[in-house]
Structures are given as C-alpha cells and as structure tokens.
Amino acid sequence: MKAILLGNAGAGKSTLARQLIGERPIARLSLDEIAWDEGPERKPLSESLALLHEFIEQHEHWVIEGCYSDLIEAALPHCSELRFLNPGTDTCIAHCRSRPWEPEKFASPEQQQAMLEYLIDWVGSYASRDDEYGLQRHRQLFERFTGPKVEYLSPASNPAPWQLYRIDDNGNEITMQHFSDYSEAERTRQDFEQRGHKQTYLIKASP
C-alpha cells in the first residue's frame, strides 16, 4: 500500500489512516510532522520535500495524510492510490470540536483548546480559500491524478472501498471481494485472469 489521504482539517484523515493500517507494518506520515518548525512558521518547502522523499524511500508500504497541496503533489507520483476526504465543513468542524487532546501537536489540553476557535474559523473557510490548504487546490490535485482514486463525500466509514467484480456471460457485474488498498485488489484481479477463466474481472470504487 502507498496511499495518500487528502482533505481539510477535521475531515477524518487520521482516523482513516489508522483503519487502513490496522495491525499491519505500514508506515504512516502526517504531513504536519514535516511541514512546521517550532512555532507558527512553516519550514522552507525544500526542507519539507527532502523529509518527504526520505520517508518515501525508507518505506515500502506507507500512508501519507495531510492538507498540504505542495507536499501532496510531490508525493503523488509515488503513490498507488489517492483518497480525497471531502465530507463538508460542518462535519469537519464537528470533528474538530470533539477531537481529544493531541499531545504530539500541543503541549497541554489547555493549549489545544486555546487554538480551537482559530482552527474552526480556518476549517470553515475551506471552500473559499485558494491557498495550498483549500478546496480549490485539493480538487485540482484529485482531478489531475490519473491513478486509482476515490472521493468520500461523507465521513469515511468504509476503509475498503475497492471492489473486485466478475462479469459473467450475460454481462452482469458480480461483486467478488472488497479490498482496503487498490494494489491488493489489482494483484487478485491478475491472479484470476492468469488462471485462464473466460470471465472478465474489473476493479471499481464503491458507490
């Protein structure tokens, strides 16, 4: 698996990343970890890109999640699937309000709470922003990506959106299996075709 999860803050990227990884030895990178210096300033883009490529080179299987279009764009040529989490700003804001303390980001729960209203204002402007973090830029990345991709328009409760279908002699599509990552679905499809069956097999994202 080499999956990228893209979306607004509070869209559910971290939750989906944990669901995808489960107990498997898959590395996870939140782009927050490589985007910022201590304090309110972002790292120089060149430094963040160097850290990103180092992570990609060090791990055979990974999940990268974040809202940073400049970093996501650099990682896209290396990924096997793109998932765009776009459940709407109301859902994202609700997730932000219910989020437990994140000690990897904030020194105390009080510090996290002090930033909450600023975060909510920022999340709420997602659709109108034209910066690296806004819907317009995310939409461009998603539409330009030519590999396997899926968009979630509601909370991403389905970590296994790839379905393998068999087309029978009458042209009917019969669901065979669900998969959490596209590369696994593709390997299974090729395995069935190499067995010499006359049927056609295809992979689709769940409706």
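The values are calculated or read from the model by the stated rules, or taken from the named source; none is laboratory data. Computed from a predicted structure; not experimentally measured. Every residue, glycine as well, gets a Cβ built from its backbone with ideal geometry; the counts of neighbours run over all protein chains shown. Note: accessible area is taken over every heavy atom of the protein model, side chains too, but ligands, DNA and RNA are not part of it. Shrake-Rupley method; radii C 1.70, N 1.55, O 1.52, S 1.80 Å.
At-a-glance table
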item: Acute angle (nearest 10 degrees) that the helix 135-144 long axis makes with the longest principal axis of the chain, alpha-carbon atoms; result: 30
item: Mean separation of Cα contacts under 8 Å, 6 or more apart, over the residue count of the chain: relative contact order %; result: 24
item: Inter-label distance, nm, simple model (7 Å from Cα along the C-beta direction), Ile167/Arg42; result: 4.4
item: Accessible area, probe 1.4 Å, largest first, for residues His61, His138; result: His61, His138
item: Only Lys, Arg (+1) and Asp, Glu (-1) charged, at Cβ; the range 89-149 dipole about Cα centre in debye; result: 300
item: Segments 68-74, 127-133 sorted - mean Cβ within 10 Å per residue, highest first; result: 68-74, 127-133
item: Kirkwood-based shape ratio for the range 1-81, expressed as Rg/Rh from alpha carbons; result: 0.95
item: Rounded to the nearest 20 debye, dipole of the range 117-207 from Cβ charges on Lys, Arg, Asp, Glu; result: 340
item: With every protein chain in place, the range 133-182: carbon and sulfur % of accessible area (1.4 Å); result: 46
item: Solvent exposure of the chain as accessible area per residue, Å², 1.4 Å probe; result: 54
item: Given charges at Cβ of Lys, Arg, Asp, Glu: the chain dipole, positive-most of Ile4, Ser30, Ala185; result: Ala185
item: Accessible heavy-atom area order of Trp162, Trp101, highest first, probe of 1.4 Å; result: Trp101, Trp162
item: The chain - mean residue ellipticity at 222 nm from DSSP helices (-39,500 (n - 2.57) per run, n ≥ 4, rounded to 500); result: -11000 deg cm²/dmol
item: Degrees, to the nearest 10: 89-98 long Cα axis against longest axis of the chain; result: 60
item: Theoretical FRET efficiency, 1/(1+(r/R0)^6), r = Cβ-Cβ of Glu54 and Ser154, R0 35 Å, to 0.05; result: 0.50
item: Cα-centre dipole for the chain with unit charges at Cβ (Lys and Arg positive, Asp and Glu negative), debye to 20; result: 720
item: Crossing angle, helix 182-194 versus the chain [Cα axis fit, 0-90 degrees, rounded to tens]; result: 10
item: Net length gained if the chain between Arg195 and Asp121 were fully extended (0.36 nm per residue, minus Cα distance); result: 21.1 nm
item: Using distinct alpha-carbon pairs, which all enter the 1/r mean, Kirkwood radius of the chain in Å; result: 18.4
